[in-house]
1. Please compute the net charge surrounding P14, taking Lys and Arg as +1 and Asp and Glu as -1 over other residues with Cβ under 10 Å from its Cβ.
2. Taking the Cα centre of each part, how many Å lie between the stretch 97-159 and the stretch 52-87?
3. Spelling out what I want: for every residue of the stretch 56-66, take phi, set θ = phi - 60°, compute 6.51 cos²θ - 1.76 cosθ + 1.60 (Karplus), and round to whole Hz; glycine and proline get x.
4. Can you check what the net charge comes to around R124, using other residues whose Cβ is under 14 Å from the Cβ of R124 (Lys, Arg +1; Asp, Glu -1)?
5. Amide H of F15: which non-local residues (sequence gap of 5 or more, or other chain) have their own amide H closer than 5 Å, using H built in the peptide plane?
6. Relative contact order of the stretch 5-158, please, whole-number percent, based on alpha carbon pairs below 8 angstrom and at least 6 residues apart.
7. Would you work out the Kirkwood radius for the stretch 5-158? I mean one over the mean of 1/r across all pairs of different Cα atoms, in Å.
8. Provide the packing ranking of 57-65, 100-108, i.e. peptides ordered by the mean count of other C-beta atoms within 10 Å per residue, highest first.
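None of the figures in this text is laboratory data; all of them are computed from the coordinates on show. These numbers come from a predicted model, not from an experiment. Cβ placement follows ideal geometry from the backbone for every residue including glycine, while neighbour counts extend to all protein chains displayed.
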Amino acid sequence: MPRELSTERLTLRPFMPDDVDWHLGLLGERDAPAPTRAENEAAVLHASSAWTDGGIAPYVVTVTRGAQAVGYCGLIVGRATSDAPGIAYELFRRDHGNGYATEAATAVVAAAGTGRARLWSTVRAWNVPSLNVLAKLQFSQDHSTFDDRGELIWLKREL
Ligand SMILES: CC(C)(COP(=O)(O)OP(=O)(O)OC[C@H]1O[C@@H](n2cnc3c(N)ncnc32)[C@H](O)[C@@H]1OP(=O)(O)O)[C@@H](O)C(=O)NCCC(=O)NCCS
């Protein structure tokens, strides 16, 4: 993947070690126990080192005009594989509803096409905004799995 992607309004750049503070704030908005600062530091360092090593890693999404991080978006291995990775995104609540996730993820899907046959995404069945983003990106539902948190929908996008 290129180190940086630009869209009309957004710049997507690699994670850096000093992205810990805003990332901690973002994950603190989840309706789930937030990871500790140490876990956050490890996650940010992992994403930042993956960029250095040429691995699979999400981008930090910033509004180009302000340069402030609005969240992250990019490829992850996650529940998928490095050959056919997953796409993930998460934005601060204050930045929802502006089309940023769709705009960022569209750029990621376009850049991911080189050398990959497909992308996956796994989404909880209740997560309508995320399912809407994936529908706009032409992901289609493949199958569901179930765990103690309920239904997890697997969607795929042929590239
Ligand atoms: C999922 C997420 C990244 C979407 O970000 P976003 O920038 O607001 O998304 P977009 O504006 O590009 O598109 C969201 C779409 O869902 C729609 N939507 C938003 N909330 C909705 C709701 N409660 N019910 C139905 N549709 C909804 C929007 O109208 C939009 O569709 P449209 O363009 O057809 O109007 C954001 O909600 C988020 O960070 N959620 C928490 C983390 C998360 O769930 N990540 C995904 C894990 S799989």
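1. Once positives and negatives cancel, what remains is 0.
2. Between the Cα centres of the stretch 97-159 and the stretch 52-87 lies a distance of 14 Å.
3. With the stated coefficients, the stretch 56-66 comes to 8, 7, x, 9, 7, 9, 10, 7, 3, 5, x Hz.
4. Spelling it out: positives minus negatives among the neighbours equals -2.
5. Amide H to amide H, under 5 Å and 5 or more residues apart or across chains, F15 pairs with V60.
6. Rounded, it is 18 percent for the stretch 5-158.
7. So the Kirkwood estimate lands at 15.9 Å.
8. Final packing ranking: 100-108, 57-65.
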